[in-house]
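Quick notes on the structure that follows.
The values are calculated or read from the model by the stated rules, or taken from the named source; none is laboratory data. Computed from a predicted model, the values in this text were never measured in an experiment. Cβ placement follows ideal geometry from the backbone for every residue including glycine, while neighbour counts extend to all protein chains displayed. We work out accessible area using only protein heavy atoms, side chains counted, and drop any ligands, DNA or RNA first. Shrake-Rupley method; radii C 1.70, N 1.55, O 1.52, S 1.80 Å.
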Amino acid sequence: MSLRGALMASAAAIAIMCLGVDAIDTFLGIDPWTLGPETGAVPSLEHPLGTDELGRDQLSRLLHGGRVSLAVAVLGALIAVSLGTLLGALAGLAGGWLEGSLMRMVEIGIALPKLPFMLLLSGLQGPLGGEGTAVFRLGLIIGVLSWMDVARMARAMTRDIRRRPFFRAAEGLGLSSWSLVRLHLVPHLAPTLGVGLALDVGENVLYESALSYLGLGVSPPTPSWGTLLAQGLPAARAAPHMVFLPGLLTVLVVGALHAWVDPARRRGAADLSNFSTRVPH
């Protein structure tokens, strides 16, 4: 297996374990929220990664933290891609003053530093509450500050598609605007925007980890890879794995997404060059 394949397989296994962490807890008889008497315990058969300073199982918290980090990243990416695609396609189809206004808004958004604004918005809204509330609110913050690049890409692709013979022929046949979008625009935008979605997920994992590490993401006792990294630092000398593992899993997931995107991006570029010979029905 190649390095790229091993990286992607590892990331897939991590994602599956994070999604199935409740079943793993049940199988191992672990309650990640219960404080135990064995505080700061070293790895053992009962606790494969040891326990934290409050006696909670580290393996379970690592997987629960991964579920939170991945959920925030995916939600933020879905919001960014949906909003960016909608506004970018609208600009590309409408043209004129509406296109100019939307693109000026996009340019202003791109000029703003994302991470400082995420820190500001996270700090203004206070504690993020439980796991579901934290995922939604943090994903929303990341998503609404990350759609501009997608909008610019969707607008450029829409303008290109509009000049293609198949699109002009469909317009000449009198298809409604909705039919044009559904049958001829969305199928051609989807592959490239899928690549953008994967890239956004990887980037958002890093944003979530940074916000939570600084205490502005999910609130304890809800774990995430960022909060686990911050909580493990004081005990880094005695238990270095408590710092190393959250960082390693973050790197593996982000690296796997980029490894998958690289060939996918090349396929997308080839598909883009074949617009004129491919007519969706």
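Miscellaneous remarks
- Hydrodynamic estimate: the Kirkwood radius of the range 1-152 over Cα pairs, inserted into Stokes-Einstein at 37 °C and 0.692 mPa s, corresponds to D of 178 µm²/s.
- For the pair residue 39 and residue 214, the difference between a 0.36 nm per residue extended length and the Cα-Cα distance amounts to 60.6 nm.
- As a length-normalised measure over Cα pairs under 8 Å and 6 or more apart, the relative contact order of the chain settles at 24 percent.
- Annotation: per residue accessible area for the range 148-271 equals 47 Å², rounded to a whole number [probe 1.4 Å, protein chains only].
- Neighbours of residue 139 by Cβ distance under 15 Å: Lys/Arg scored +1, Asp/Glu scored -1, total -1.
- Ranked packing of 217-227, 87-97, most packed first, by mean Cβ within 10 Å: 217-227, 87-97
- Radius of gyration over Kirkwood radius for the chain, both on Cα atoms: the Rg/Rh ratio is 1.07.
- The label-point distance for residue 111 and residue 22, in a model that sets each label 7 Å from Cα toward Cβ, rounds to 4.7 nm.
- Placing +1 on each Lys and Arg Cβ and -1 on each Asp and Glu Cβ, with no other charges, gives the range 41-200 a dipole about its Cα centre of roughly 780 debye.
- Tensor-based shape of the range 197-265 (alpha-carbon gyration tensor, a/c under 1.5 rounded, otherwise prolate or oblate): oblate
- Selected from 217, 191, 82, residue furthest toward positive end of dipole (the chain; charges at beta carbon): 191
- Using the Cβ-Cβ distance between residue 15 and residue 173 with R0 set to 51 Å, the FRET efficiency works out to roughly 0.70.
- Helix 131-144 vs. the chain, principal-axis angle (Cα, 0 to 90°, nearest 10): 40
- Label point 7 Å beyond Cα of residue 144 along Cβ direction - residues of the range 204-242 with amide nitrogen under 11 Å: none
- Of the solvent-accessible surface of the range 68-189, computed with a 1.4 Å probe over protein heavy atoms with every protein chain present, carbon and sulfur atoms account for 69 percent.
- Tilt relative to the chain, helix 114-125 - C-alpha long axis, 0 to 90 degrees, to 10: 60
- The chain: angle of helix 3-19 to the longest principal axis, Cα-based, in degrees nearest 10: 70
- For the set 188, 241, the ranking by accessible area, highest first and with no ligand, DNA or RNA atoms included, is 241, 188 under a 1.4 Å probe.
- Simple Cβ-charge dipole of the chain, Lys/Arg +1 and Asp/Glu -1, about Cα centre, in debye nearest 20: 1440
- Counting only protein chain heavy atoms and rolling a 1.4 Å probe, the accessible areas of 101, 69 rank, largest first, as 101, 69.
- Value at 222 nm in deg cm²/dmol, rounded to 500, when DSSP H runs of n ≥ 4 in the chain each add -39,500 (n - 2.57): -24000 deg cm²/dmol
- Extension gain, residue 166 back to residue 244 (0.36 nm per residue minus Cα-Cα distance, nm): 22.8 nm
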